[in-house]
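Below you'll find the structure, written out as structure tokens, and then a few comments.
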Amino acid sequence: MAKVLMKGNEALAEAAIQAGCRHYFGYPITPQNEVTAYMAKRMPEVGGVFLQAESEVSAINMVYGAGGAGARVLITSSSPGISLMQEGISYIAGAEVPCVIANIMRGGPGLGGIQPSQSDYFQATKGGGHGDYKLIVLAPSTIQEMAELVQQAFHIADKYRNPVMILGDGMLGQMMEPVDFDILKKEENKIEEKPWATTGMGTRSKRNIINSLELDPQVLEKHNIEIFKKYQKAAKEEVRYEMTDCEEAEIILVAYGTIARVAKNAIELAKRENIKVGLIRPISLWPFPEEPFKKTRDHVKAYLTIEMSMGQMVEDVKLAVNGQKEVHFYGRVGGMVPEPMAILEEIKKIRGKK
Amino acid sequence: MDEKIIFAGFGGQGIMSMGLIMSYAGMMDGKNVSWLPSYGPEMRGGTANCHVTISDEPVGSPIINEATVVVAMNRPSLEKYEKYIVPGGKLFINTSLIEKKAERKDIEIYEIAANDIANELGNLKIANMVILGALVRATNITKFESVLKALVEVLGPSKEHLVSINEKALKKGSELIENLNDKQKSHLE
Amino acid sequence: MAVVFQKTKGLTDTPFHYCPGCTHGIVHRLVAEVMEELGVLDKAIGVAPVGCAVFAYEYFNCDMQEAAHGRAPAVATGIKRVHPDKIVFTYQGDGDLAAIGTAETVHAAARGENITVIFINNAIYGMTGGQMAPTSLIGQETLTTPYGRKPENNGYPIKMCEMLSTLEGASYIERVSVYDVKHVLNAKKAIKNAFTAQINKKGFSMIEVLSSCPTNWGMSPNEALKWIKDKMEPYYPLGVYKNTLEEVKQNG
Ligand SMILES: Cc1ncc(C[n+]2csc(CCOP(=O)(O)OP(=O)(O)O)c2C)c(N)n1
Ligand code: SF4
Ligand SMILES: [Mg+2]
């Protein structure tokens, strides 16, 4: 397969299929409808299952069932639908069931709008449902990267027996770019045995139980601690980020997903005026990359976090910078996208300060 | 090369396909491309636009704040996007639907009665291809052959029967530019 | 010239955003006229759904709340329990009422919640661009049933009137359509009965309206009306499924 021009939503679906995902459960919602439409067409072609559930509540529980039964399973939605799934996601994490969840974010709160947004960052990275658990959260910024991260997501989900979330926005879901599926890492598509899955006992002597209930506090505490050991491992092994022009930068922008691309345009504008600006682009939002901040916080004057939110990731940036340098924030919300010019203005404001 | 093109008009004027064909053609020419549509519920005969970037470098923001080329298929589009064009950029106006003149003096303006020409060719729906043909010839952003190939790709097997009429429209648009004599051309600058 | 169309006080001046030929507009007008004729506009509180009718709160000339997708009957329940003497209604599509909000619908009916539900069955998800609805017909091609709805994969379309009429709490349940003038007039009568049931504190009432979505069915408005008659009506028979209203029983 050579390069093909695809929408982010379609590339997400195709990458999942190429990663061996044969079960998809969904419910229509804008701006991720192309995933459901693509799966409806494509799954029957590859002998997979596409099922339109009656709601996101139901869909995420189908995922719980299918993932627990050993399948590579995908579910996608957009903000309001992801909110509805939070109960199920908590159960999935508690029962240690692998699955991939994609949130193609739109403006909120409530019904909000359908234009791009990044205002579900807290929900994605800090829990969202009840209990102590984490999602591993990956944020692509191009369609090619969407395909790559979706493939990795299935691998990571299986490796940790934990849900992995792809966090994109409406812009990424709707836009088209060339994708090359040939350069994806095929070895990650190999599905390893899942001896814990509920497949029917067959010749197995021990029963397999998928469950998150534990009434004995001592045992439940131990379970929590075990889960967090996995998270500690993930915090070491699954950190992903990109740094651009950071070595000499006076100010470093921090942005993820599509907004990192807008930030790159701002950097170009700054260059024209001989202002040295760099970019840290977290690719894994959880685990949040602290490395690039440690590397840069000695020489940089300040950081400027840019988001399509009222300021969510900026809190993690502040934790990583640890009070050693100023951390500023610029955001647009409700489907409005920060413009490169406006970012440049912010940069100038920060430079102007003593 | 770093071309940023905004196509805009009513829903139903084939705005999205214009952008798609350009993007495919750019990709076939080995460029980096991105295509960003306006999106919303399939209701109301509202306005539609798409932003297409064709570049030697990886594409940064897919949103175009400064366009090198704007295609305005209806009046609201002209009013909205004329100011987006960089000095020296190009503006294509569908004069069949837009009586208003462009105001800018620092850009190249191409006035094309696309609906009328499409009607003459026998199908109002190909007005978009008339303009696209002109755009490709006037800007050389992509190879004309690539556009013809991209057309087949975008129409797909289900609309294969429409290829020839669309091709005709593309070529007609291209001829309009070729037939501009040097005097007219300099007048444009 | 005879006045064919007189504006009702039940609607605001905001122009509808619906596609040409969409029957959502007709049903809005019927509901509004009924509320006006029953003199309840000043005490009506409506609940808008998530679906193409999401902006219903812009159109009905009474107090309105906007619910989350499928939750309108629960929201209406909350409103009614605060204001038992007010007239509370929901206006919902098939995805909203019979998929994501099935539990809310069934339990509002089971409780005999004294509200009126206007149910627009257009056999499709209109707002999101034409996916399968719980009411899509067998064989119907939609974005999510590109090979046609198949019972093996998607099960069978839900008949809400039949289902809900088995519940004690339901007081008035009728299925109508709006594909011609005669049926429009009848639909209005049905809607009036449903509101009357509520005024008489009879319990849950619902009117299912077989409606068109020319845009996502890929048809002209007229073809779409014909499709309701030819394709939908045989599967979804029109008629009164439950009636505890004495007057209506007598008058037929
Ligand atoms: C929790 C949630 N999931 C999904 C959606 C997206 N959504 C909006 S409207 C709709 C379906 C509308 O269909 P229907 O209820 O039949 O109404 P119609 O548009 O056909 O009148 C969906 C799935 C949403 N807004 N919220
Ligand atoms: S999409 Fe369908 S239901 Fe929605 S307004 Fe248009 S015709 Fe009506
Ligand atoms: Mg519907």
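The values are calculated or read from the model by the stated rules, or taken from the named source; none is laboratory data. Predicted model only: the values in this text are computed from it and were never measured. Don't worry about glycine lacking a Cβ; one is built from the backbone with ideal geometry, like all the others, and counts go over all protein chains shown. For accessibility, only protein heavy atoms count, side chains too; no ligands or nucleic acids. Shrake-Rupley method; radii C 1.70, N 1.55, O 1.52, S 1.80 Å.
Under 8 Å between Cβ atoms, at least 6 apart or on separate chains: pull out the pairs that start in segment C:130-147 with a residue that is facing chain A (nearest Cβ under 10 Å) and end on any residue that is among the acidic types (Asp, Glu) and open to solvent by 30 Å² or more (accessible area, probe 1.4 Å). Between residues of segment C:130-147 that are facing chain A (nearest Cβ under 10 Å) and residues that are among the acidic types (Asp, Glu) and open to solvent by 30 Å² or more (accessible area, probe 1.4 Å), the close pairs are C:Gly130/B:Glu42; C:Pro134/A:Glu54; C:Tyr147/C:Glu141. Condition test on C:Val88, is it under 21 Å from C:Ser171 (Cα atoms), within 12 Å of the chain's Cα centre (by Cα) and away from ligand 2 (no atom under 14 Å from the Cβ)? So C:Val88 does not fit the description; no. For B:Pro87, the conditions (1) open to solvent by 10 Å² or more (accessible area, probe 1.4 Å); (2) away from chain A (no Cβ under 12 Å); (3) more than 25 Å from A:Ile343 (Cα to Cα) all hold with the exception of (3). Here the condition is being assigned to a strand (DSSP E or B) and modelled with pLDDT of 95 or more; of A:Leu304, A:Leu344, A:Leu319, it holds for A:Leu304 alone. The combined condition, being open to solvent by 10 Å² or more (accessible area, probe 1.4 Å) and under 13 Å from the mean Cα position of the chain (by Cα), is not fulfilled by A:Glu87.
From the list B:Ser38, B:Ser34, B:Ser61, the one residue that fits, being on the phi < 0 side of the Ramachandran plot, facing chain A (nearest Cβ under 10 Å) and open to solvent by 10 Å² or more (accessible area, probe 1.4 Å), is B:Ser38.
Residues are listed down the side, and each one gets a yes or a no for (1) among the polar types (S, T, N, Q); (2) outside any helix (DSSP H, G or I); (3) touching a strand residue (DSSP E or B) at 6+ places or on another chain (Cβ under 8 Å); (4) surrounded by 22 or more Cβ atoms within 10 Å (Cβ to Cβ):
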site	(1), (2), (3), (4)
A:Lys159	no, no, no, no
A:Val164	no, yes, yes, yes
A:Leu172	no, no, yes, yes
A:Lys229	no, no, no, no
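When the criteria are applied in full, C:Asn216 meets the requirement of being within 16 Å of ligand 3 (Cβ to nearest atom) and modelled with pLDDT of 95 or more. Considering only segment C:13-31, I want to know if a residue exists there that is in contact (Cβ under 8 Å) with a residue 24 or more places away in the chain, outside any loop (DSSP other than H, G, I, E, B) and within 11 Å of ligand 1 (Cβ to nearest atom). Yes - at least one qualifying residue is present in segment C:13-31. Is there a residue in segment C:33-47 that is open to solvent by less than 50 Å² (accessible area, probe 1.4 Å), within 14 Å of chain A (Cβ to nearest Cβ) and either on the phi < 0 side of the Ramachandran plot or within 16 Å of ligand 1 (Cβ to nearest atom) (or both)? Checked against the condition, which is being open to solvent by less than 50 Å² (accessible area, probe 1.4 Å), within 14 Å of chain A (Cβ to nearest Cβ) and either on the phi < 0 side of the Ramachandran plot or within 16 Å of ligand 1 (Cβ to nearest atom) (or both), segment C:33-47 yields at least one hit. Counting only strands (runs of 3 or more DSSP E) that fall entirely inside segment A:3-120 and contain at least 2 residues that are modelled with pLDDT of 95 or more and under 29 Å from A:Phe228 (Cα atoms), the qualifying elements are A:23-26, A:73-77, A:99-105. The helices (runs of 4 or more DSSP H) located wholly in segment C:185-252 that include 2 or more residues which are within 16 Å of ligand 2 (Cβ to nearest atom) and surrounded by 22 or more Cβ atoms within 10 Å (Cβ to Cβ) occupy C:214-217. Among the residues of segment C:162-175, are any open to solvent by less than 20 Å² (accessible area, probe 1.4 Å), under 14 Å from C:Arg29 (Cβ atoms) and touching a residue at least 40 places away in the same chain (Cβ under 8 Å)? No: segment C:162-175 contains no residue that is open to solvent by less than 20 Å² (accessible area, probe 1.4 Å), under 14 Å from C:Arg29 (Cβ atoms) and touching a residue at least 40 places away in the same chain (Cβ under 8 Å). Among the candidates A:Ile259, A:Ile280, the residue that is open to solvent by less than 30 Å² (accessible area, probe 1.4 Å), within 14 Å of another protein chain (Cβ to nearest Cβ), within 29 Å of A:Ile136 (Cα to Cα) and out of contact with any Ser or Thr (no Cβ under 6 Å at 6 or more places or on another chain) is uniquely A:Ile259.
Only a single criterion out of (1) open to solvent by 20 Å² or more (accessible area, probe 1.4 Å); (2) under 20 Å from C:Asn153 (Cβ atoms) is not satisfied by A:Glu56, namely (1).
Selection over segment C:51-99 of residues that are surrounded by 22 or more Cβ atoms within 10 Å (Cβ to Cβ), free of Cβ contacts under 8 Å to residues at least 24 places away in the same chain and more than 14 Å from chain A (Cβ to nearest Cβ) gives a count of 0.
State whether one or more residues within segment B:73-80 are open to solvent by 10 Å² or more (accessible area, probe 1.4 Å) and within 14 Å of chain A (Cβ to nearest Cβ). No, every residue in segment B:73-80 fails to be open to solvent by 10 Å² or more (accessible area, probe 1.4 Å) and within 14 Å of chain A (Cβ to nearest Cβ). All conditions but one from (1) part of a loop (DSSP other than H, G, I, E, B); (2) more than 16 Å from B:Thr142 (Cα to Cα); (3) touching a residue at least 40 places away in the same chain (Cβ under 8 Å); (4) within 10 Å of chain A (Cβ to nearest Cβ) apply to B:Gln13; the one that does not is (4).
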